[in-house]
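**Student:** My questions all concern the structure below.
Please treat every number below as a calculation from the coordinates, not as lab data. A quick note: this is a predicted structure, and the numbers were derived from the prediction, not measured. Neighbour counts are summed over all protein chains in view; Cβ atoms, including those assigned to glycine, are modelled from backbone coordinates with ideal geometry.
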Amino acid sequence: MEKQVLITVNSIIDDASGEKDHMSFVTEGTLTRENGCFIVKYEESEITGLNGTTTTLKVEKDSVTLMRHGNVDALMLFEVGKTHLTDYDTQYGSVILGITARNVDVDFCESGGNIKVDYILEYNRSYGGRNSLIVSVSEKKN
């Protein structure tokens, strides 16, 4: 099963200085189901600053994994109450991210669904802010 879907991504970054940055975009991608998980895949664009990067979301009942490959390489695992360290590699260099999910809310089925992740971000072990990632996926109408 592979379906063409519309993906709406809303990101709120509340950085260490208290500044809030909102980003929202809609793109097309695919939705598949593999081994009991939903896989959402889309190409990044200039809007996100990640042009040339493919983003894949592995959606499970209690966790979300965000994988990026291309101009930016990253693996970010969101599980409530756990901190995961990962290298975030860009064309300008690499930084170690610490990701601690405060809330992971997944409501997904064969035709799409919603993901909401609230998390704390650390850069090289320093507080980077509290962020939210909200993704809505729906079947593309012909």
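**Student:** If you stretched the chain out fully between E43 and I96, how much longer would it get, using 0.36 nm times the residue separation minus the C-alpha to C-alpha distance?
**Tutor:** 16.7 nm
**Student:** Which of the pairs K3/K82; K20/K140; K3/K116; K3/K58; K58/K140; K116/K140 have their Cα atoms more than 24 Å apart in this structure?
**Tutor:** Result: K3/K82; K20/K140 exceed 24 Å.
**Student:** How many angstrom lie between the Cα centre of region 125-141 and the Cα centre of region 1-71?
**Tutor:** Cα centroid to Cα centroid, the span is 7 Å.
**Student:** In the chain, which longest range has no trypsin sites (Lys or Arg not before Pro) that are both DSSP loop (not H, G, I, E or B) and surrounded by at most 13 other Cβ atoms within 10 Å?
**Tutor:** That gives 1-60 as the longest site-free run.
**Student:** So, one more: Relative to the Cα centre, what is the charge dipole magnitude of region 2-139, using +1 at the beta carbon of each Lys and Arg, -1 at the beta carbon of each Asp and Glu, and rounding to the nearest 20 debye?
**Tutor:** Value, rounded to 20: 280 debye.
**Student:** Please find the FRET efficiency linking N124 to M23, where r is the Cβ-Cβ separation and R0 is fixed at 22 Å, and quote it to the nearest 0.05.
**Tutor:** 0.45
**Student:** Taking the radius of gyration and the Kirkwood hydrodynamic radius from Cα positions alone, what is the Rg/Rh ratio for region 6-142, to two decimal places?
**Tutor:** Computed over Cα atoms, the ratio is 0.95.
**Student:** If you don't mind, there's one more thing I want to ask. Give a quick list of GluC sites (Glu not before Pro) in region 8-52 that DSSP marks as loop, anything other than H, G, I, E or B, with at most 16 other Cβ atoms within 10 Å.
**Tutor:** Qualifying residues, ordered by number: E19.
**Student:** On a straight-distance basis, which aspartates and glutamates could pair with K61 in a cross-link, Cα separation under 19 angstrom, same-chain partners fewer than 8 positions away excluded?
**Tutor:** Those aspartates and glutamates meeting the cut-off are E34, E79, D105, D107, E110, D118.
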